[in-house]
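We did not get these values from a lab; they are worked out from the coordinates using the rules stated. Only a predicted model underlies this, so the values are computations on that prediction, with no experimental measurement involved. So basically every Cβ, Gly included, is an ideal-geometry build from the backbone, and we count neighbours across all protein chains shown.
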Amino acid sequence: MKAAVILTKCKESHELFGIRAEVRESADGASDREDWYATWAFKVSERTAGREKFGDTEISGNIYITSEYPSCPYCGAKGFFQCSECGKTTCWDGENETVCEWCGNAAETAAEESFEGISGGGF
Ligand SMILES: [Zn+2]
Ligand SMILES: [Zn+2]
């Protein structure tokens, strides 16, 4: 199984955490686009991130949040968004406006684009 750790920053604490994501077969089978599913999140230090080379994997395609996803380990945000400028991820809790923790790019968050796969946790 193809899996990766997506290096992410917390919008509240500005600390790093890793999101573990895995590729699952796309349901329609016709596209060669990869669908990624986030299943876990954990705190990482900058030193660990560099040593483990977190963030080196290119994620193309959609990243979905599964019901197992435990939320941001610092502030409890239920999701994350991918910056359209730098492609990196910051935790996200449903705000309409977001600021990328990596490059400072502010953007409106179109939830339906990247989070259509959210499966509810009853919150
Ligand atoms: Zn956070
Ligand atoms: Zn950015």
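General remarks:
- Considering only Ile63, Leu16, Met1, and ranking their Cα positions along the charge dipole of the stretch 1-105 that arises from unit charges at the beta-carbon of Lys, Arg, Asp and Glu, the one farthest toward the positive end is Leu16.
- Computing FRET efficiency as 1/(1 + (r/R0)^6) for Asn96 and Met1, where r is the C-beta to C-beta distance and R0 is 30 Å, gives about 0.30.
- Pair-distance distribution P(r) for the stretch 3-114, from all Cα-Cα distances in 5 Å bins starting at 0: 2, 12, 23, 25, 22, 10, 4, 1, 0 percent.
- Taking the DSSP bridge list for the stretch 3-114 and keeping only pairs wholly inside it, about 80 percent are antiparallel.
- Under 18 Å from the Cα of Lys88 - lysines, other chains or at least 8 residues apart: Lys9, Lys11, Lys43, Lys53, Lys78
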